[in-house]
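The values are calculated or read from the model by the stated rules, or taken from the named source; none is laboratory data. All figures in this text were calculated on a predicted structure; none of them were measured in a lab. Virtual Cβ from ideal backbone geometry, glycine too; neighbours counted across all protein chains shown.
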Amino acid sequence: MPFKSRYNADLTGKVTYGHKVVMSIISLATMEIRGVASLQGKGIRTDIVGDLINIDVYIDVMIGFSCAEVAYRVQENIKRSVESMTHYRAGTINVNVLGVCFDESK
């Protein structure tokens, strides 16, 4: 016997995401990368055009980590997180390293 959905398949709806939801996803994806000390300056900026999202992230990197490697991992993690948790496609993801942090507690 086929599975019968209790929802009407003829109805279509629209899913929208609040700006704070998208910002939280990006922030968490950034901060879970080892070597990121903090979000800095402007923090996160987004530009959404249709289903494409362009992202600028401003971070400090902890001493002892390669800035290029940390930035690359941040880009990949943001892309994966945004595309798996929302309907947006990641466009340009710019990671701006503003400084190096000598203290892990920052």
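Quick look at the values:
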| quantity | calculated |
| --- | --- |
| Selection from segment 33-84 of residues that are assigned to a loop (DSSP other than H, G, I, E, B) and within 17 Å of Val100 (Cα to Cα) | Ile33, Arg34, Gly35, Ile63, Gly64, Phe65, Ser66 |
| Output for segment 85-106, where each listed residue is small (Gly, Ala, Ser) and assigned to a strand (DSSP E or B) | Ala90, Gly91, Gly99 |
| Residues satisfying the stated conditions in segment 45-81, i.e. surrounded by 14 or more Cβ atoms within 10 Å (Cβ to Cβ), in contact with a helix residue (DSSP H, G or I) (Cβ under 8 Å, 6 or more places away or on another chain) and farther than 19 Å from Thr16 by Cβ | Val57, Ile59, Val61, Val74, Asn77, Ile78 |
| Residue list for segment 1-32, filter: more than 30 Å from Gly99 (Cβ to Cβ) and either modelled with pLDDT of 95 or more or touching a Leu at 6+ places or on another chain (Cβ under 9 Å) (or both) | none |
| Residue in segment 10-28 that is surrounded by the most Cβ atoms within 10 Å (Cβ to Cβ), counting only those that are in contact with a strand residue (DSSP E or B) (Cβ under 9 Å, 6 or more places away or on another chain) and not hydroxyl-bearing (Ser, Thr, Tyr) | Ile26 |
